[in-house]
Amino acid sequence: MPTDVLSLRAVNRALLSRQLLLERRSLPAAGSGRPAQVVQTVEHLIGLQAQAPFPPYYGLHSRLDGFVPDDLAALLTGRDVVRIALMRGTIHLVSARDCLPVRRLVQPVIERGLRGSFGKQLAGVDPAALAAEGRALVEAEPLTFSELGKALAGRWPDHPAPALAQGVRAHVPLVQVPPRAVWGRSGLARHTSAEHWLGQPVQPPLRASEPAAGTALAELVTRYLGAFGPATVRDVQAWSGLTGLKAVLERLRPSLVTFRDEQGAELFDLPGAPRPGPDVPAPVRLVAEFDNLVLSHADRSRVISPENFRRLSTINGIFPGSVLIDGFVAGMWRLASSRSAATLTIELFGPIRERDDLEGEAARTLAFCAPDAAHDIRFAPVAG
């Protein structure tokens, strides 16, 4: 076991640095480099969790100076980024380059989720036939899951339509097409295949025994460490939803460095990755709903205490925007807006000394999302 110990604050500062939350990147004023840098940021983060349409906009805004909503909206309509079920079976916004390679690696996670939720309802349905029929339907015209299920029920009338649609989702990489999640527009979640949308050929499933699978998985784990490390085996598995990653990290061990955390767990990391000292100042930040900063570790204490995580976790599955004070979650924030007014409410776990900085960050967020509206910033204790 390694003998070097990283304190909780040291792990926190390393995570914030890699998440671009210690120091924001600055976007070029204009030109071809601007969209490319936004895509590079999405790829560095290995996507942004996107269970709701607009959190990725706020996630990028918290990390990039000069970012405006059109920067991401144009990438969505231009097919440079897509929304697709990936890590943990949840919707992520990822680059077109990452979409299919990452989906092939996490395919076991998607299929495991199907077995747990709709498996019994699909007994007797040939997965290959269901996938082929579903692919043909969504490639002819993007469909909602309701529309897809109804169309499939004509061939499999003895099976529930929602289960049939979810079976296609599990076996065909489906992307949500615009205007869904395009800033300033609204639209139902309609789906087509990623291959059709991106103009790429359909590839066979990636078998775990193939050498290429091992190489690709090792690359994904390495990228995770670059964006979320230092991390334990359990952390990488919690982020991806995959199991059996201890063997991958053991193969990578000669190229990595290792530490222990304060509880004695082994942390893996990249030798050249930034590890700022524990006393490096961490600026106030407003982190987006569902941000992987908070959700992508087995041990989330590096950014939020177990007690506070329970306070922010809600029974309806919504994880709110988080307030970072001195690097750790100190409360939540929410936005209410109309055409003429926007109110950002900050609910804190307790008293803070950084109120002026927090108001400045709130004003920055309001200027981003509602530049033409009247702005109001409010403070309140977290309910309960």
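What to note about this one:
- Screening the chain for whole DSSP H helices with an alpha carbon extent of at least 15 angstrom along the helix axis and a mean Kyte-Doolittle hydropathy of at least -1.0 yields 8-18, 33-44, 96-117, 127-140, 161-171, 211-228, 355-369.
- Beta-bridge orientation, the chain: approximately 75 percent antiparallel, per DSSP, counting only bridges with both partners inside.
- Gain on full stretching of the segment that runs from Glu266 to Ser340 - 0.36 nm per residue minus C-alpha separation: 21.5 nm
- The alpha carbons of region 66-148 occupy a box of 53, 28, 21 Å along the principal axes, longest dimension given first.
- Projecting label points 7 angstrom from Cα along Cα→Cβ for Glu354 and Val5 puts them 2.6 nm apart.
- Counting Cα-Cα pairs of the chain in 20 Å increments starting at 0 gives whole-percent bin shares of 27, 57, 17, 0.
- Options Val175, Ser240, Tyr224, ranked by Cα towards positive dipole end of region 152-245, top entry (Cβ charges): Val175
- Average Cα contact separation per residue, the chain, under 8 Å, 6 or more apart, as relative contact order %: 19
- Loop-located GluC sites (Glu not before Pro) in region 182-268 whose Cβ has at most 15 other Cβ within 10 Å (DSSP): Glu262
- Approximating the spin labels as points 7 Å out from Cα along Cα→Cβ, the Ala140-to-Gln203 distance works out to 2.9 nm.
- Stretch in the chain that is longest and holds no trypsin sites (Lys or Arg not before Pro) that DSSP places in a loop and that have at most 16 other beta carbons within 10 Å: 208-338
- Magnitude of the charge dipole, region 177-229, Cβ model with Lys/Arg +1 and Asp/Glu -1, debye to 20: 300
- Computed [θ] at 222 nm, helices only, for the chain once each DSSP H run of length n ≥ 4 contributes -39500 (n - 2.57): -12500 deg cm²/dmol
- Rounded to the nearest angstrom and listed largest first, the equivalent-ellipsoid semi-axes of region 1-115 from its Cα gyration tensor are 25, 23, 12.
- Among Thr77, Thr365, Thr222, the sequence by solvent-accessible area, most first, with a 1.4 Å probe is Thr77, Thr222, Thr365.
- The portion of the accessible surface of the chain made up by carbon and sulfur, rounded to a whole percent, is 54 (1.4 Å probe; DNA, RNA and ligands excluded).
- Student exercise, region 266-344 dipole from Lys, Arg, Asp, Glu Cβ charges, in Debye to nearest 20: 380
- Gained length - Ile318 relative to Thr77, 0.36 nm times residue gap less alpha-carbon distance: 84.1 nm
- The share of alpha-carbon pairs in region 145-249 lying farther apart than 15 Å comes to 74%.
- The chain, accessible area per residue, ligands and nucleic acids excluded (1.4 Å, Å²): 44
- Region 1-41, Rg to Rh (Cα coordinates; Rh as Kirkwood inverse mean 1/r): 1.25
- Each Lys and Arg Cβ is given +1 and each Asp and Glu Cβ -1; about its Cα centre, the chain then shows a dipole of about 520 debye.
- For region 253-318, averaging the sequence separation of C-alpha pairs within contact (under 8 Å, six or more residues apart) and dividing by the residue count gives a relative contact order of 18 percent.
- Efficiency of FRET between Arg378 and Arg251 - r from beta-carbon atoms, R0 45 angstrom, step 0.05: 0.30
The values are calculated or read from the model by the stated rules, or taken from the named source; none is laboratory data. Since the model is a prediction, treat every value here as computed from it, not as a measurement. Positions of Cβ are backbone-derived with ideal geometry, glycine not excepted, and every protein chain shown enters the neighbour counts. We work out accessible area using only protein heavy atoms, side chains counted, and drop any ligands, DNA or RNA first. Shrake-Rupley method; radii C 1.70, N 1.55, O 1.52, S 1.80 Å.
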